[in-house]
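Take a look at the structure below.
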Amino acid sequence: APQGFIGGGRGYVEVYELDDPERWVRLGQRLEANDGKTYRFGMSVDLAESGKTIVIGTPNDVEFSQTGGIVRLLDYDPLLFIWVAPAPDLAAYTPQDETGYAVSISANGRTIAVGRPGPGYDSNGIVQTYRWNGAEWIQVGRDVGDSTAVGWGRAV
């Protein structure tokens, strides 16, 4: 989970599985941005039904108050014991989007809802749904938001 901005704020995600009634075992590596400039990596996370696909929201993907954000989809490879990305990251439209402030994933792990509450794309924020078809992200339906209400995208 993300740490505070002072002296850190980069964040990381670890996924654990209950191996027996009293022992938790980490699946794969610690997940982090590793680019030296991403803040709040893992602010929002959700697991697919299998527990082997995760979506990670990171509303600050660049240094010094740029709040564009990214959303990352990862699958666990049990043969290699690592998490791998089957799809490219979903990136923000503008530096103020806060893309990934909130995320949710479908049971099969290939459809995600993404919160973009920042003022960059829509002044009141939006929620968008995407499906990974194996080659590209396809938006499903229209943007969800309300021009009279502030804060859309802070929860999905």
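The values are calculated or read from the model by the stated rules, or taken from the named source; none is laboratory data. None of these values were measured; they are calculated from a predicted model. Neighbour counts are summed over all protein chains in view; Cβ atoms, including those assigned to glycine, are modelled from backbone coordinates with ideal geometry.
So is residue 149 assigned to a loop (DSSP other than H, G, I, E, B), at pLDDT below 95, within 16 Å of the chain's Cα centre (by Cα) and among the aliphatic types (A, V, I, L, M) or not? So residue 149 fails the test.
So if I check each of 97, 46, which one is modelled with pLDDT of 95 or more and either of a type in the set (Asp, Glu) or at positive phi (or both)?
Only one candidate passes the filter, namely 46.
With respect to the conditions (1) more than 17 Å from the chain's Cα centre (by Cα); (2) modelled with pLDDT of 95 or more; (3) under 30 Å from residue 26 (Cβ atoms), residue 108 lacks only one, and its number is (1). Exactly one residue among 111, 129, 94, 148 is over 15 Å from residue 43 (Cα atoms), free of Cβ contacts under 8 Å to residues at least 40 places away in the same chain and crowded, with 18+ Cβ neighbours inside 10 Å, and that residue is 129.
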